[in-house]
Amino acid sequence: MNGHAAKAACYVADDARVHWHDEALWFVRVKRDRQAASVPEWEELRTAAAGIKMHTLSRLADYWEEFEKKAVANGIRLHWAADAHEHNRIVHGILAQQGVKHLVKSKSMLTEECGLNPYLEERGIEVVDTDLGEWIVQLRHEHPSHIVLPAIHLKKEDIGELFHEKLGTRAGASDPVYLTEAARKHLRGRLMNAEAGLTGVNFAIAETGGIVVCTNEGNADMGTSLPPLHIACVGVEKIVPTTADLGVFVRLLARSATGQPVSTYTTHFNGPMDGGELHVVIVDNGRSRLLADETFRRSLCCIRCGACMNTCPVFRRSGGHSYAYAIPGPIGSVLAPHRDPNEFASLPFASSLCGSCADVCPVQIDLSHQLYAMRQVLSRRRATPAGKRAAMRLLGFVLSHRRVYTIAGTLLRLAVPRLPRSVMSGSWNTWGKGRELPPMPRKSFRDLIRKEPE
Ligand code: SF4
C-alpha cells in the first residue's frame, strides 16, 4: 500500500470517527439535494453553467484582456503569475513594499495550492486565516481537509480541547456557540491590527473588470475593509464573461456547496477603497497546460463547491487528508496528477467510479470519466506500481477470453468460501464494514456447477 491507500488506512483505523465523518458529509449532500429539488430549472442551470465555462475557456485570453482593460481603468493593479513561486514572490513583494507585517486572509484554495502561508511566514510576515475552519486547522498546523469545510474532520470536542490549549477557554467546553464566540473575539483583534487583507476570488467578470468573493462568515469583507491594502489571488479559469453569467453560478454555488439557497455574503470588488489599493494576482500554475489537454480540459470548469467530495463514498470514509493535496476528493484526484504524476499516482484509484460526483457537479464535469482516463494515462506512463500494472494486464487477459473467464469464475467461487475468516474480515475489507453479507454456505464443486432445474 502507498499513497492514498496508506494514509486512508490510518484514518479508517478509528471506526467511530469514520462513521461520524461519513454521516456529517452525507448530511450536507442531503441538504444539497433538497435545494436542487427546490429549483425546477436546476438541470437547465447546470447545462447553462457548463456551457458558459466551456465557452469562456475557449476564449480565455480574450476575456482576460477585456478584464484587464476595465480593471486597470477602475484603479485595480494587475499582476500575472506563471507559477506558484511567482505568485508567492509577487504577493510578498507587494506586502514588503508597504512594510506589512500582519496579514489577514480569507479562504483561498489557490494560496493553499501555492503554499503562500509558509512562504510569507519564513519572511517574517504573520498570516492569520480568518475563516473559522481555516483558522482552526492553522492553529493545529494542518492543511484543510475539505475545500469548503476545512475542519470537517474535527469534532466539536477536538476544537474545545484546541481552544482550551491555545486560547484558554474552559476545559472540556464543546458548546459551538461558546467556542465560536471565543474565536470571534480573538480574530476580531487580529482583523483590527492587520495592515493588509488577502482573499481568493470566486469569479472575475470580464465585462466589469471586477471580482466577486462569496463567503458565509463576513470575514473576507471585514479583512478587506479595515486595512487599506487588499490583495486578491485568482486562477485563470475563474473568469466569466458578464454579470448575467455570474447569476447562473451564484444560484448553483451555495446550493451545491452547503445546501444553502445563497451564500451569506456575495461581495463585488470593482476597484480599491478610497485611499487604498487593490491588487489582483492572476495565476496560471499549470492551468494553461490543462487547457491544452482535450481529455481533461473540463476539469478547469470547477467552481470549487465541494459537492463531489460530500457525495464521494471514498472521500467520506477516508477523509480529505488522505489525498495529501490542496484540493482533495474526485476533482483533486484529476488535478493533482497533472501537477505531479508520480507523487499523486494513487489518487485516481481512490474512487469507486460510481459516477455520483459527476451527477452532483453543478458544472457537469464528467469526473468519473476523467478519473478513469487518468488511470490509463498514469498506467501508460508507468507511474502506477508494477504489481498493479501486472494485475491489470492479467485481468484484461481473463476478461477478454471467454473460456478463461468461465474457468476463473468457477475457481473463484470455489475458493472464496474456503478462505479463512480473518482474510474475509481483515483490514482490506474495511470499506465494506456495515454492509457485510451473510456468511456464504460451503458448497462443493459439484453443487456449484450443477444446473438448477428450470
Ligand atoms: S468538480 Fe464539480 S462538484 Fe467538485 S468541487 Fe468542482 S464544481 Fe464542485
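Just name the residue that is nearest to residue 318 (Cα to Cα) out of those in the range 355-392 that are within 16 Å of the ligand (Cβ to nearest atom) and touching a Pro at 6+ places or on another chain (Cβ under 7 Å). Among them, the one singled out is 357.
Of all residues in the range 288-305, those satisfying the criterion of being away from the ligand (no atom under 14 Å from the Cβ) and not acidic (Asp, Glu) are 288, 289, 291, 292, 295. Give the residue, chosen from 337, 341, 348, 328, that is of a type outside the set (A, V, I, L, M), out of contact with any strand residue (DSSP E or B) (no Cβ under 9 Å at 6 or more places or on another chain) and surrounded by fewer than 24 Cβ atoms within 10 Å (Cβ to Cβ). Going through 337, 341, 348, 328 in turn, just one is of a type outside the set (A, V, I, L, M), out of contact with any strand residue (DSSP E or B) (no Cβ under 9 Å at 6 or more places or on another chain) and surrounded by fewer than 24 Cβ atoms within 10 Å (Cβ to Cβ): 341. Counting the residues of the range 288-340 that are more than 26 Å from residue 240 (Cβ to Cβ) and without any contact (Cβ under 8 Å) to a residue 12 or more places away in the chain gives 1.
Checking 345, 350 one by one, the residue that is away from the ligand (no atom under 16 Å from the Cβ) and over 30 Å from residue 71 (Cα atoms) is 345 and no other. Mind checking whether some residue in the range 29-52 is touching a residue at least 60 places away in the same chain (Cβ under 8 Å), in contact with a strand residue (DSSP E or B) (Cβ under 9 Å, 6 or more places away or on another chain) and of a type in the set (A, V, I, L, M, F, W, C)? Checked the range 29-52: at least one residue is touching a residue at least 60 places away in the same chain (Cβ under 8 Å), in contact with a strand residue (DSSP E or B) (Cβ under 9 Å, 6 or more places away or on another chain) and of a type in the set (A, V, I, L, M, F, W, C). Based on what the data block shows, is residue 336 part of a loop (DSSP other than H, G, I, E, B) and either within 12 Å of the ligand (Cβ to nearest atom) or hydrophobic (A, V, I, L, M, F, W, C) (or both)? Spelling it out, it is not the case that residue 336 is part of a loop (DSSP other than H, G, I, E, B) and either within 12 Å of the ligand (Cβ to nearest atom) or hydrophobic (A, V, I, L, M, F, W, C) (or both).
Listed conditions (1) out of contact with any helix residue (DSSP H, G or I) (no Cβ under 8 Å at 6 or more places or on another chain); (2) open to solvent by 50 Å² or more (accessible area, probe 1.4 Å); (3) within 30 Å of residue 30 (Cα to Cα) are all met by residue 381, apart from (3). Among the numbered criteria (1) open to solvent by 70 Å² or more (accessible area, probe 1.4 Å); (2) touching a residue at least 24 places away in the same chain (Cβ under 8 Å), which one does residue 164 miss? All conditions pass for residue 164, except number (2). The criterion of at least 1 residues that are basic (Lys, Arg) is met by the following helices (runs of 4 or more DSSP H) wholly inside the range 351-407: 367-380, 386-399.
Among the numbered conditions (1) more than 16 Å from the ligand (Cβ to nearest atom); (2) open to solvent by 10 Å² or more (accessible area, probe 1.4 Å); (3) touching a helix residue (DSSP H, G or I) at 6+ places or on another chain (Cβ under 6 Å), the only one that residue 319 does not meet is (2). Taking the condition under 21 Å from residue 108 (Cα atoms) and open to solvent by 10 Å² or more (accessible area, probe 1.4 Å), does residue 146 pass? Judged against the criteria, residue 146 is not a match. Restricting to the range 86-138, what's the tally of residues that are in contact with a Gly (Cβ under 6 Å, 6 or more places away or on another chain) and not in a loop (DSSP other than H, G, I, E, B)? Matching residues across the range 86-138 total 2.
Here is a yes/no grid of residues against (1) over 27 Å from residue 335 (Cα atoms); (2) open to solvent by 70 Å² or more (accessible area, probe 1.4 Å):
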{"residue": "50", "(1), (2)": "no, no"}
{"residue": "58", "(1), (2)": "no, yes"}
{"residue": "81", "(1), (2)": "no, no"}
{"residue": "93", "(1), (2)": "yes, no"}
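Remark: pairs (first residue in the range 400-416, modelled with pLDDT of 90 or more and of a type outside the set (Asp, Glu); second residue open to solvent by less than 100 Å² (accessible area, probe 1.4 Å) and part of a helix (DSSP H, G or I); Cβ separation under 8 Å; 6+ apart in sequence or on different chains) = 404/398; 405/398; 408/398; 410/445; 410/448; 410/449. Determine whether the range 324-332 contains at least one residue that is within 12 Å of the ligand (Cβ to nearest atom) and closer than 24 Å to residue 79 by Cβ. Yes, some residue in the range 324-332 is within 12 Å of the ligand (Cβ to nearest atom) and closer than 24 Å to residue 79 by Cβ.
The values are calculated or read from the model by the stated rules, or taken from the named source; none is laboratory data. Treat the numbers as computed from the prediction; the structure is a model and nothing was measured. Here Cβ is always computed from backbone atoms with ideal geometry, including for glycine, and neighbour counts include all displayed protein chains. With ligands, DNA and RNA removed, areas are computed over all heavy atoms of the protein, side chains included. Shrake-Rupley method; radii C 1.70, N 1.55, O 1.52, S 1.80 Å.
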